[in-house]
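Values in this text are rule-based calculations from the coordinates and carry no lab data. Being a predicted model, the structure only gives us computed values, none of them experimental. Cβ placement follows ideal geometry from the backbone for every residue including glycine, while neighbour counts extend to all protein chains displayed.
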Amino acid sequence: MSDYGNVEMVIRTERKVVVFRLMLSATIMGALSIWLYLKVPEEYSPWAVGFVAVMWLYVVRPLFRIFATGTAFTLTDRGLLAHVGDIDFVAWGEIEKAYIGSYGGAGVIKLDLRDIGTVLARLSVFRRALLRWYIKLYGEKPNLYASFGEGGAERLLQLIRQRIDVRKK
């Protein structure tokens, strides 16, 4: 048993979807970098290139990780461990409601949490600050990028609802 509980189910990575997203994001970032360089070459500094590269790596690092490990989500008796998404671990009792949404054309699970502060406290300082800013700016809920797991958003939502419904009874 780990800090997250006993593993009940592992949702494997949908590798074709991950590879497509990695290639798409690299293409977009490359095209954006070339466009910026051609548009304003005197203002396009190595610092800008470095910033774009670091942010791209930060954003896609989870995709590399789930591609390498083959695991997108782990369901335990205590909660859900998301290997790709806004949060890392959320206990079943912390989820008020879950529903399907869309983000960047991909199916996501949006979570209404009882106490978002508890869930955010588990994140690194940098990720916590970014997620707080995102929630405040856009009024969004934390997302689980379910399209990267086998069965997609529908399957993950069904599994989450089974577990939170049992807890409510």
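Is it true that Val49 is touching a residue at least 40 places away in the same chain (Cβ under 8 Å), more than 26 Å from Asp3 (Cα to Cα), among the β-branched types (Val, Ile, Thr) and outside any strand (DSSP E or B)?
It is false that Val49 is touching a residue at least 40 places away in the same chain (Cβ under 8 Å), more than 26 Å from Asp3 (Cα to Cα), among the β-branched types (Val, Ile, Thr) and outside any strand (DSSP E or B).
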Scan of region 92-114 for residues that are aliphatic (A, V, I, L, M) and either surrounded by fewer than 18 Cβ atoms within 10 Å (Cβ to Cβ) or not in a strand (DSSP E or B) (or both), ordered by number: Ile100, Ala106
Any hit, region 21-32, residues being basic (Lys, Arg), in a helix (DSSP H, G or I) and free of Cβ contacts under 8 Å to residues at least 24 places away in the same chain: no
Selection within region 117-134 - of a type in the set (Lys, Arg) and not in a helix (DSSP H, G or I): Arg122
Any hit, region 70-87, residues being in contact with a strand residue (DSSP E or B) (Cβ under 6 Å, 6 or more places away or on another chain), over 18 Å from Gly5 (Cα atoms), surrounded by fewer than 18 Cβ atoms within 10 Å (Cβ to Cβ) and touching a residue at least 60 places away in the same chain (Cβ under 8 Å): no
From the options Tyr145, Tyr138, residue that is of a type in the set (Ser, Thr, Tyr) and under 17 Å from Pro62 (Cβ atoms): Tyr145
